[in-house]
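Asks: My questions will all concern the structure given below.
The values are calculated or read from the model by the stated rules, or taken from the named source; none is laboratory data. The structure displayed is predicted, hence computed values, not measured ones. Here Cβ is always computed from backbone atoms with ideal geometry, including for glycine, and neighbour counts include all displayed protein chains. Accessible surface areas use protein heavy atoms only, side chains included; no ligands, DNA or RNA. Shrake-Rupley method; radii C 1.70, N 1.55, O 1.52, S 1.80 Å.
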Amino acid sequence: DDGRSRVQLALALAIRFDATLVGTAARALLPLMILPGGSPGTGTLLAAEEGDIRAGLDAAERQFRALAAATHARIDWRSRIADPAEMLAREARTADLIVVGRRPERDDAGWSRHADPGAVLMRAGRPILVVPPGVSSLNTDHIVIAWKDSLEARRAVVDAMPFLTRAASVLVLQVCDDASEQELAAEIVRDVAAYLTGHGVAATGEARLLREATVSAELLLAAEQLRAELVVAGGYAHSR
């Protein structure tokens, strides 16, 4: 995925929320194995690699601007030779939302060219929308909130409010491992749904026993049943 579909999705969001979309691109220099005393060819190799990276960043900018030209979105562009996650986290200081793609599973040099969503999440201090490969649009009529009574989930709900207030239905769902947890969980998600209703959100709450193999699978099943394309969840509550 060259990012084209992700840019199209981000452009549509920028137009929907009357926002400015800032496109970013970064790639880190790959480390060279340098023998003691240096190597005569090291400088040449570094210069060649840097030239290739700059050419790639320029191509990314041209593609971004070409896609934006077909819309009425306000745009800006930032790029540099740097670790992608670090660069994106720095540039997010004034962002309302960061749109990133999933890092390819098979890419040995992926760290140098793709911003890992987990790394960005831990550094940026901003909400993140993680987009699967090839997805160029986002329907947020129906939304699932993956609830866990944690600081991170509470923060995620507030961060997602612009989407939640526009949704036709929002399900606040807590998945319980044990039946003994379900009654308290049901009370908590009702509280959260009532809070959201007070803010104009069409929300309901549900505490569901785990039936699938994992909690994430259960959440995806709920999203499928609700025809939801957006799942709101908190980030890490402890070290990865």
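Asks: If you check ALA186 against the conditions, is it over 26 Å from ALA89 (Cβ atoms) and at pLDDT 95 or above?
Replies: Considered against the rule, which asks whether it is over 26 Å from ALA89 (Cβ atoms) and at pLDDT 95 or above, ALA186 comes out as yes.
Asks: Of all residues in the stretch 21-54, how many are at pLDDT 85 or above and open to solvent by less than 70 Å² (accessible area, probe 1.4 Å)?
Replies: Result for the stretch 21-54: 10.
Asks: Moving on. Collect the residues in the stretch 205-221 that are in contact (Cβ under 8 Å) with a residue 12 or more places away in the chain, assigned to a helix (DSSP H, G or I) and under 19 Å from THR140 (Cα atoms), keeping them in residue-number order.
Replies: Across the stretch 205-221, the qualifying residue is only LEU219.
Asks: Among the residues of the stretch 225-232, is any within 28 Å of ALA19 (Cα to Cα) and β-branched (Val, Ile, Thr)?
Replies: yes
Asks: Quick one: which of ARG65, ARG80 is at pLDDT 95 or above, outside any loop (DSSP other than H, G, I, E, B), of a type outside the set (Val, Ile, Thr) and open to solvent by 60 Å² or more (accessible area, probe 1.4 Å)?
Replies: Step by step, each of ARG65, ARG80 is checked, and only ARG65 is at pLDDT 95 or above, outside any loop (DSSP other than H, G, I, E, B), of a type outside the set (Val, Ile, Thr) and open to solvent by 60 Å² or more (accessible area, probe 1.4 Å).
Asks: In the stretch 133-151, which residues are modelled with pLDDT under 95 and of a type in the set (D, E, K, R)?
Replies: LYS148, ASP149
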